[in-house]
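Structure first, commentary second.
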Amino acid sequence: MTLELREVSKRYAGAGETVDAVDRVSLTVAPGEFVALYGPSGSGKTTLLMLAAAIMQPDDGSVMFDGREVSGLSAGERARYRREQTGVVFQSFHLTGASALDNAAVKLLALGMTLGEAHAAARPWLERVGLDRRIQHAPTEMSMGERQRVAIARALVSNPRLLLADEPTGNLDSRRSREILGMLADIVHEHRISALLATHDPQATAFVDRIHTMRDGQLSEGLDFELRPVLP
Ligand code: ADP
Ligand code: MG
């Protein structure tokens, strides 16, 4: 299902001044497309992902998903959209002390599954992200790369149609980052998920289908010349 942002804006009211965190952004992400939002810290990437996930509401413009205006739904319907259609991966994982299996299963409990059903559904995703032998381990016993794999499995267990990844490689070295980015690209293509990746990692450009540059809340197509990384 297609994500479409139409002239979306979000302002934050600060002490005396307002910040145009997202400034009239239009963007379409089709099923199976892995799209990067590339930009420096403070350029509005996280805010844009939160708008797409309906965690935050735009001041102007509309967020459409599958032809429906998500930004026009009631709070209850938006919560349902988040639960049923979206998966979110954060830089800092947000995992609990429980096992990888419990962490990955938690969203399915919220969707009404029993613990047994949730574990059965989570297991293949943990295998898919390469954690088959670590299923009963707690994230605290895992490397950063493994923790991010748990967080990715947790985001995907509900079979979301929209994946939002906010600097998922921000805590990883460059080799682990490439592994994670390659895996995300494969999963997005295999499952035809619409996916938005916020990043300032130049390596990401090699794994995505399309790049948009964010700068001061504004989006432009392709890599912004001044931000263009030195690519190998
Ligand atoms: P990025 O993810 O690219 O670093 P953000 O979306 O976090 O960008 O931030 C965009 C701009 O909005 C920045 O100028 C940031 O300081 C500001 N901002 C983000 N969150 C808030 C907030 N809750 N209140 C006020 N300003 C914010
Ligand atoms: Mg951010």
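In segment 92-116, what count of residues is obtained for those that are in contact (Cβ under 8 Å) with a residue 40 or more places away in the chain and open to solvent by 70 Å² or more (accessible area, probe 1.4 Å)? Spell out the reasoning first.
Within segment 92-116, the first condition is being in contact (Cβ under 8 Å) with a residue 40 or more places away in the chain, and the residues that meet it are 92-98, 100, 103-108, 111.
Filter once more, so that each one left must be open to solvent by 70 Å² or more (accessible area, probe 1.4 Å): 94, 96, 106.
Residues meeting the conditions: 3.
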When every residue in segment 8-34 that is within 16 Å of ligand 2 (Cβ to nearest atom) and among the aliphatic types (A, V, I, L, M) is compared, the one modelled with the lowest pLDDT is 19
When you scan segment 139-153, do you find a residue that is within 23 Å of residue 198 (Cα to Cα), surrounded by 15 or more Cβ atoms within 10 Å (Cβ to Cβ) and touching a strand residue (DSSP E or B) at 6+ places or on another chain (Cβ under 6 Å), even just one? yes
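Working only within segment 41-75, note down all residues that are more than 16 Å from ligand 2 (Cβ to nearest atom) and open to solvent by 50 Å² or more (accessible area, probe 1.4 Å).
Within segment 41-75, the subset more than 16 Å from ligand 2 (Cβ to nearest atom) is 54, 57-75.
If the condition is that a residue be more than 16 Å from ligand 2 (Cβ to nearest atom) and open to solvent by 50 Å² or more (accessible area, probe 1.4 Å), then 57, 59, 60, 66, 67, 68, 69, 72, 74, 75 are the ones that fit.
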Having 3 or more residues that are touching a strand residue (DSSP E or B) at 6+ places or on another chain (Cβ under 7 Å) is the bar; report the helices (runs of 4 or more DSSP H) wholly within segment 37-122 that clear it. 45-52
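The values are calculated or read from the model by the stated rules, or taken from the named source; none is laboratory data. Source: prediction; values computed, not measured. Here Cβ is always computed from backbone atoms with ideal geometry, including for glycine, and neighbour counts include all displayed protein chains. Side chains are part of the model used for accessible areas, which takes the heavy atoms of the whole protein and leaves out ligands, DNA and RNA. Shrake-Rupley method; radii C 1.70, N 1.55, O 1.52, S 1.80 Å.
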